[in-house]
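Peer 1: Sharing a structure with you now.
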């Protein structure tokens, strides 16, 4: 069997962030694939929550959108979106939320609103959607994005979702009752956040990736945790699940 | 007061006025495309459009020039990419300028909750430390009188007209929905006028046989329109699937102003009604999008005499 690709490693690393019985606020694409992989391996009782108003979804196909009909069929509960946001998210029932972004800074704050000036943007991005509240209210968040220098800037063009704010105890000082970002996973490696400064630090490189390659794609002086690890390669069975059952057409993993 | 059974042409002409605040809702599911198309055909103008996710329906309406402002939570073609009609309006003011007022999903649905509840605002835990309040003066804070905590506050939103699609209603507008419910209930109770579009009209007995499934009572509905496939290319759970090929193809269709206009000419201006739109597909929608049945067993409400 050919070794895991970088996008497969990203999915596997994301799946490892899910603990059994976690209630997971999930988006489409890679997060959806990661949660399904976790459910098929080490976390059979993880529950999928979609902001479209579904708890305990068990989609029989890869949904293209977070409002796919396969999310309702066979779910435990379908409810008005107001209840998902109010009772599940704001009420503190979400263990982990998955987020993506166009930009991330060293404290895990995210931009999904504009590139450039807000009034005259170079690129108008989709906006907050559910991201600002997921980032603020889920007990912890896992952020997935491709590693590119312009996506890891020194300063965000717009702060759509707050992570560890300006670091240290600043998130808590804003009134947060949740932990904020715990992991950032890219196609090159896996990051955590330093316990006191709350700055992002590289924990592991995916196999075959060098530290120089990562540094070239980060817009600030990157902190590296010692000893720097290598992302553990997935079991053959995990790869088989990904390739043959969960994403057989390569829609997400290419 | 009970709702009136109308054609789409009559409903839009009687209930949607130029300059109105219009919310054609439905989160991925049950998006009222046929109503959007009729608004385009009737060349309404200066509308303020609200939706959590503008989706293709507002991309088409904004490209057709019916709107001057968009109130939203997330602009995009889910799982696909950009909405180019809206981007051209924002970035190049084509075919006319469009102003934006943005929230998150929780923020915008909280505005509708306040509107539906007869309250001036709704408070929520959100936006601390973000740049959103700096670009939207309607996102403010309020102090809890009991704990002293600072909470975000957003003002009530009461659209002039809400338009909803649903699986079925009776002729009085008692509306039943299953599958994803979006913010249909909130927007219906918040709006001053409500148009419900359904796949089928059923008798009141059918509604009364399963009252838990009634999402919106006829009490708040002004007009009922029966239009099978009215939500295509969105979907109606159990009736037809989301036309994902259409959503994927929209990236190309909407890429230039000319190609988007060509679509509108053929599929919106070029047909008189949703019935003609469906006929133009020559049975393809039925063949391609109809799901296998997956019935829910009935529940026993009991007979209490």
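Read-outs throughout are calculated quantities, based only on the coordinates presented, and are distinct from any laboratory measurement. Just so you know, these numbers come straight off a predicted model, no measurement behind them. Here the Cβ positions follow ideal geometry from the backbone for every residue, glycine too, while neighbour counts run over all protein chains shown.
Peer 1: Using every alpha carbon pair in chain B, what percent of pairs falls into each 10 Å bin from 0 up to the bin containing the largest distance?
Peer 2: Taking all Cα pairs of chain B, the binned fractions are 6, 27, 34, 22, 9, 2, 0 percent.
Peer 1: Let me ask something else about it. With labels modelled as points extended 7 Å from the Cα through the Cβ direction, what inter-label distance (nm, one decimal) is found for residue B:7 paired with residue B:138?
Peer 2: 3.5 nm
Peer 1: What FRET efficiency comes out for residue B:248 versus residue B:295 if R0 is 25 angstrom and r is the Cβ-Cβ distance? Round to the nearest 0.05.
Peer 2: 0.25
Peer 1: Same structure again: Could you list A:155, A:183 in order of exposure, starting from the residue whose Cβ has the fewest other Cβ atoms within 10 Å?
Peer 2: Ascending Cβ contact count within 10 Å gives the list A:155, A:183.
Peer 1: Average partner chain C-beta neighbours within 10 Å, per residue of B:178-188?
Peer 2: So the per-residue partner count for this stretch is 5.
Peer 1: For a Förster distance of 56 Å, can you work out the FRET efficiency between the beta-carbons of residue B:93 and residue B:275, rounded to the nearest 0.05?
Peer 2: That pair, residue B:93 with residue B:275, gives E of 0.95.
Peer 1: While we're on this one: If I take every Cα pair under 8 Å that is 6 or more residues apart in chain B, average their sequence separation and divide by the length, what percent do I get for the relative contact order?
Peer 2: Relative contact order of chain B: 21 percent.
Peer 1: Want the number for residue B:43 to residue B:18: 0.36 nm per residue separation, take away the alpha-carbon distance, what's left?
Peer 2: Here the segment from residue B:43 to residue B:18 would lengthen by 8.1 nm.
Peer 1: Here's a follow-up. For a distance above 23 Å, tell me the whole-number percent of Cα pairs in chain A that qualify. Could the numbers behind the result be given before it?
Peer 2: Details: 16102 of 32131 pairs.
In whole percent, the share of Cα-Cα pairs in chain A beyond 23 Å is 50.
Peer 1: Within 10 Å of each Cβ of B:108-120, how many other protein chain Cβ atoms are there on average?
Peer 2: Mean inter-chain Cβ contacts per residue within 10 Å come to 1.
Peer 1: Evaluate the relative contact order of region B:26-84 (contact order divided by residue number), counting alpha-carbon pairs under 8 angstrom at least 6 apart; express in whole percent. Kindly include the intermediate steps, with their values, before the conclusion.
Peer 2: Details: 74 pairs, mean separation 20.4, N = 59.
Normalised by residue count, the contact order of region B:26-84 is 35 percent.
Peer 1: Right, something else. Given 0.36 nm per residue, what is the gain on full extension from residue A:2 to residue A:154 after removing their alpha carbon distance, in nm?
Peer 2: Extra length from residue A:2 to residue A:154 when fully extended: 51.0 nm.
Peer 1: Go ahead and set up a Gaussian network model of chain B, Cα springs under 10 Å, then flag whichever of B:187, B:161, B:135 fluctuates most.
Peer 2: B:135
Peer 1: Of all beta bridges DSSP finds with both residues in region A:6-246, what is the antiparallel percent, to the nearest 5?
Peer 2: Bridges in region A:6-246 are about 50 percent antiparallel.
Peer 1: Next question. What are the equivalent ellipsoid semi-axes of the protein assembly as shown, built from the alpha-carbon gyration tensor (square roots of five times its eigenvalues), in whole angstrom, biggest first?
Peer 2: Values for the protein assembly as shown, descending: 39, 26, 24 Å.
Peer 1: Calculate for the protein assembly as shown the 222 nm mean residue ellipticity that helices alone would give, adding -39,500 (n - 2.57) per DSSP H run of length 4 or more and normalising by residue count, nearest 500 deg cm²/dmol.
Peer 2: Value at 222 nm, helices only, nearest 500: -6500 deg cm²/dmol.
Peer 1: I want to verify a result. In a Gaussian network model of chain A, Cα cutoff 10 Å, which of these has the top mean-square fluctuation: A:42, A:206, A:165?
Peer 2: Of the options given, A:42 has the highest mean-square fluctuation.
Peer 1: Using 1/(1 + (r/R0)^6) with R0 = 22 angstrom and r between the beta carbons of residue A:226 and residue A:177, what's the FRET efficiency to the nearest 0.05?
Peer 2: 0.10
Peer 1: So for each of B:238-249, A:14-25, B:102-113 I average, over its residues, the number of other beta carbons within 10 Å; can you give me the resulting order with the highest mean first? Intermediate values should be presented prior to the final figure.
Peer 2: Values: B:238-249: 18.0, A:14-25: 20.3, B:102-113: 27.6.
Those peptides, ordered most packed to least, come out B:102-113, A:14-25, B:238-249.
Peer 1: While we're looking at this one, here's another question. Using only atoms on other chains, find how many Cβ atoms lie within 10 Å of each Cβ of peptide A:115-126 and report the average.
Peer 2: That average works out to 3.
Peer 1: Roughly speaking, what is the stretch gain from residue A:215 to residue A:19, that is 0.36 nm per residue apart minus the C-alpha to C-alpha distance, in nm to one decimal? Could you put the intermediate results ahead of the total?
Peer 2: On the way: separation 196, 0.36 × 196 = 70.56 nm, distance 3.02 nm.
Contour length minus the Cα-Cα distance gives 67.5 nm.
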